[in-house]
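Written out below as structure tokens is the structure these notes cover.
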Amino acid sequence: MIIQRPQNLYFLLCAGLCAAAVSRFMGQEMLWSVDVLLMMAAGVVAFVAIFLFKKLAVQAFLASVVQVMVAIAMVLIIYELFKLSGGEENFPEKGIEWWGLLSLILALVMAAVARRGAKKDLSLVKSAGRLR
């Protein structure tokens, strides 16, 4: 019943990608920095949004909150990337692996698709011409 709507699958993927990004960055020097905490919070919010499948407006709002949190975390990580010393083309020398950044980009895309799906379902429910 919970995975009946496609946005719930995207929320699940988003939460998993946030967890993957956190696991990538937890081994680094930035153990409990703001960006890691934002990624953790975004994953938790995305996971909680799965269980709010009856409240589509709340799901759409939470998807936009997750988008903002992941975007801020990405900006902070990229800022830290430029602050660290090391080679320019090889991220592990600088302490940040590219898999973590890729998982954040994919989490941002999954949150956007989940928001779009929630808005689509909400407009379908509100429309007067739907099938009964």
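Residues that are within 12 Å of the chain's Cα centre (by Cα) and modelled with pLDDT of 90 or more: which helices (runs of 4 or more DSSP H) entirely in region 48-132 hold 2 or more of them? Explain how you work it out, then say what you get.
Details: elements: 56-83, 91-94, 98-126.
Result: 56-83, 98-126.
Looking at region 51-77, which of its residues are among the β-branched types (V, I, T), in contact with a Leu (Cβ under 6 Å, 6 or more places away or on another chain) and surrounded by 18 or more Cβ atoms within 10 Å (Cβ to Cβ)?
Hit for region 51-77 is V70, nothing else.
If I filter region 17-24 for residues that are crowded, with 16+ Cβ neighbours inside 10 Å, at pLDDT 80 or above, within 19 Å of A118 (Cα to Cα) and not aliphatic (A, V, I, L, M), do I get at least one hit?
Residues of region 17-24 that are crowded, with 16+ Cβ neighbours inside 10 Å, as a first pass: 17-22, 24.
Remaining after also requiring at pLDDT 80 or above: 17-22.
With the extra rule that they be within 19 Å of A118 (Cα to Cα), the set shrinks to none.
No, that holds for no residue.
Could you list all residues from region 31-47 that are in a helix (DSSP H, G or I) and either of a type in the set (A, V, I, L, M, F, W, C) or in contact with a Lys or Arg (Cβ under 6 Å, 6 or more places away or on another chain) (or both)? Give the derivation first.
Of all residues in region 31-47, those in a helix (DSSP H, G or I) come to 34-47.
If the condition is that a residue be in a helix (DSSP H, G or I) and either of a type in the set (A, V, I, L, M, F, W, C) or in contact with a Lys or Arg (Cβ under 6 Å, 6 or more places away or on another chain) (or both), then V34, V36, L37, L38, M39, M40, A41, A42, V44, V45, A46, F47 are the ones that fit.
The values are calculated or read from the model by the stated rules, or taken from the named source; none is laboratory data. Source: prediction; values computed, not measured. Cβ: placed from backbone, ideal geometry, glycine included. Neighbour counts: every protein chain shown.
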